[in-house]
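To keep things clear, I will list the structure first and then write my remarks on it.
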Amino acid sequence: MKKHLLPFYQTLQLPLLGEKQIQVVVKRLDLLHPLIQGNKHYKLLHNIRAAKERGYAKILTFGGAFSNHIHATAISAAQNGLQSIGLIRGEIPRPLNPTLSDAENQGMQLYPMPRTDYRGKQSPLVLEQLRLKFGEVYIIPEGGTNALAIKGSREILDPEDKLMDVVAVPIGTGGTFAGLLASASTNQQVLGFSALKGAFIHQEISKLLEDQQINPSCSWDIHTTYHFGGYGKFKPELIAFIKEIKETCGLPLEPLYTGKMLYGLMDLIRNDAFHKGTRILLIHTGGLQGIRGFNQRFKTDL
Ligand SMILES: Cc1ncc(COP(=O)(O)O)c(C=O)c1O
């Protein structure tokens with residue numbers, strides 16, 4: 001990571017922020033690598049290393065047809081001389097969408113996984129069947145969240161980031177959030193914005209913290225009201241917001257995670273959720289590759 005070469009931190013200049021005297025600085029993890037962006041870099045780092053050290057030649061993982069994780073795993077595996085297998089939830093669209101087309105071009109073998117099987121994909125029986133079918137494979141769960149992904153996510157915050165009052169991050173499976181909770185400093189608050197509908201994420205996070213024996217010293221909270229109808233769902237105001245931020249601040253966001261997070265954060269700021277002078281670090285978790293498929297699918301022009 002050559003931070004000094006990149007415009008890595010971007011301070012947002014928006015009238016509302018001036019009016020409320022809130023500083024929002026974006027940590028542009030989307031600029032880490034042209035293809036393996038954002039939290040994916042951190043979540044895969046130790047997994048790829050472990051696969052190689054343990055002598056595996058193949059990585060197997062799971063995801064939806066637009067998955068950033070599938071995309072990043074295909075590229076990361078290829079770059080590290082590993083083969084990759086992607087089990088895709090439901091149908092594989094033909095022609096392939098940009099996400100899957102990139103993955104296949106990197107050598108990933110794609111297989112559809114019926115939705116009923118997909119739900120049970122982490123059960124010991126299914127994992128055993130997968131090993132019988134595909135041989136010795138290093139298996140990474142959906143979304144990439146496991147102990148090594150959380151270990152990698154602990155490395156997101158640099159010492160200077162720990163001077164910020166609030167760290168904001170989107171939540172899917174919660175692995176990145178858990179890593180931030182394990183590494184944020186005592187006087188910080190880590191704020192998660194769930195991309196999925198429902199309060200179940202609180203339980204998921206509690207389980208992750210328990211399993212990984214993480215006892216956060218920072219305070220934390222999760223917002224579950226900025227999902228715009230659920231995972232992958234959106235409303236015209238979200239699209240308009242993302243476009244406006246790109247035009248006014250030059251900050252690219254995608255509509256599944258980072259767009260919803262900043263929308264939610266601005267809403268909280270508007271409603272005086274933070275006191276004057278609060279310094280907020282927004283973690284840009286990447287995912288910009290997904291915009292192409294989103295535009296194709298929903299006829300949007302992000
Ligand atoms: C761009 C982006 N941001 C955030 C997340 C959420 O990360 P996590 O699953 O670790 O909560 C994901 C999904 O993994 C993602 O692709």
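Considering only segment 64-79, I want to know if a residue exists there that is surrounded by fewer than 24 Cβ atoms within 10 Å (Cβ to Cβ), within 19 Å of the chain's Cα centre (by Cα), away from the ligand (no atom under 13 Å from the Cβ) and assigned to a loop (DSSP other than H, G, I, E, B).
Within segment 64-79, one or more residues are surrounded by fewer than 24 Cβ atoms within 10 Å (Cβ to Cβ), within 19 Å of the chain's Cα centre (by Cα), away from the ligand (no atom under 13 Å from the Cβ) and assigned to a loop (DSSP other than H, G, I, E, B).
Which of the numbered conditions does MET1 fail, given that it passes all the others? Conditions: (1) surrounded by fewer than 20 Cβ atoms within 10 Å (Cβ to Cβ); (2) at pLDDT 95 or above.
With (1) surrounded by fewer than 20 Cβ atoms within 10 Å (Cβ to Cβ); (2) at pLDDT 95 or above applied to MET1, the lone miss is (2).
Could you check segment 242-259 and list, in sequence order, the residues that are of a type outside the set (A, V, I, L, M) and away from the ligand (no atom under 15 Å from the Cβ)?
Of segment 242-259, the ones of a type outside the set (A, V, I, L, M) are 243-244, 246-250, 252, 254-255, 257-259.
Within segment 242-259, LYS243, GLU244, LYS246, GLU247, THR248, CYS249, GLY250 meet the criteria.
Can you tell me which residue in segment 260-301 is surrounded by the fewest Cβ atoms within 10 Å (Cβ to Cβ), limited to those that are within 14 Å of the ligand (Cβ to nearest atom) and in a loop (DSSP other than H, G, I, E, B)?
Of everything passing the filter in segment 260-301, LEU288 is surrounded by the fewest Cβ atoms within 10 Å (Cβ to Cβ).
When you scan segment 101-121, do you find a residue that is part of a helix (DSSP H, G or I), touching a residue at least 12 places away in the same chain (Cβ under 8 Å) and within 16 Å of the ligand (Cβ to nearest atom), even just one?
yes
Of (1) surrounded by fewer than 23 Cβ atoms within 10 Å (Cβ to Cβ); (2) in the same structural domain as ARG131 (by TED's automatic domain parsing); (3) touching a His at 6+ places or on another chain (Cβ under 9 Å), THR61 satisfies all except one. Which?
Condition (1) is where THR61 drops out.
The values are calculated or read from the model by the stated rules, or taken from the named source; none is laboratory data. Here the structure is a predicted model, which is why all the values come from computation and not from measurement. FYI the Cβ positions are ideal-geometry reconstructions off the backbone, even for glycines, and counts take in every protein chain you see.
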